[in-house]
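The values are calculated or read from the model by the stated rules, or taken from the named source; none is laboratory data. Computed from a predicted structure; not experimentally measured. Positions of Cβ are backbone-derived with ideal geometry, glycine not excepted, and every protein chain shown enters the neighbour counts. Side chains are part of the model used for accessible areas, which takes the heavy atoms of the whole protein and leaves out ligands, DNA and RNA. Shrake-Rupley method; radii C 1.70, N 1.55, O 1.52, S 1.80 Å.
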Amino acid sequence: MFPSANRLSRWRHLLVPVRGSVARTSDRLQAGLVLVVILGALAAIPFSAAAGSSVYASQKAVSVRELAEYVPVTATLLADGPPISVSGRSGAVGSTMPTDATWDSADGVRHVGKVDANEGSHRGDTVPIWVDRTGVVVEPPLSAAAVVNATAAAAGLLFAVCLGLAVVYGIAVFALNRYRRGEWQQEWFAFVSKKARS
């Protein structure tokens with residue numbers, strides 16, 4: 001018999017009492033808790049998927065609205081971007097910084113303002129940006145981010161439920177182990193007392 005088959009057989013005997021079993025009530029309670037934790041984690045999967053689907057639907061609606069209202073344009077930098085800086089031991093280059101630039105809106109009106117420029121960019125370089133109908137710079141529309149956010153929401157909820165179940169199980173096992181140790185100690189004292197009398 002394989003070790004996993006032995007383990008499954010042991011858990012089955014703990015959950016379903018058989019004649020002559022040496023499993024105590026606390027052992028059966030612990031086995032029942034394992035079953036509840038597994039079933040709880042499995043039951044959380046469809047709820048997590050539904051939460052992720054809800055997040056996706058709401059953000060997809062926002063994405064469709066933003067794609068209808070926002071327009072991608074190209075901005076030309078009027079000044080050099082921030083100098084290149086290396087941060088930390090990883091050698092990662094820093095993030096973008098607002099820099100003066102100019103761009104034309106969809107109706108042909110020229111605008112001047114700040115856009116995020118990468119480190120090391122120079123005056124005259126072009127930067128892709130998104131603007132609304134009036135030519136004001138806006139954040140890029142939620143497109144791929146909707147899928148990422150929905151997946152993160154579903155995975156986060158499932159992780160939180162599983163973590164909660166694991167914490168409850170750990171506390172219960174800790175209490176059961178203390179209870180069993182107390183029983184063993186009482187049995188040992190009774191045995192020692194009986195031996196001393198005989």
Cleavage-rule hits, trypsin sites (Lys or Arg not before Pro), segment 106-198, DSSP coil, Cβ neighbours within 10 Å at most 15:
ARG123, ARG133
Round to a whole number: what % of the accessible area of segment 76-187 belongs to carbon and sulfur, probe 1.4 Å?
62 percent
Over all directions, average the projected area of the Cα convex hull of segment 50-198 and note it in nm².
16.2 nm²
In Å², rounded to a whole number, the accessible area per residue of segment 42-151 with probe 1.4 Å is 62 Å²
Long-range amide H contacts for ALA75: which residues qualify at under 5 Å (H placed 1.01 Å from N, peptide plane, sequence gap of 5 or more or a different chain)?
VAL127, ILE129
Between SER121 and residues 5 or more places away or on another chain, the pairs with built amide H atoms under 5 Å apart involve GLY81
To one decimal place, what Kirkwood hydrodynamic radius in Å is obtained for segment 155-198 from all pairs of distinct Cα atoms?
13.0 Å
If the chain between ASP100 and ALA155 were fully stretched, how many nm would it gain, using 0.36 nm times the residue separation less the Cα-Cα distance?
15.8 nm
Gyration tensor verdict on segment 30-131 (Cα atoms; rounded if a/c is under 1.5, prolate if a/b is larger than b/c, oblate otherwise):
oblate
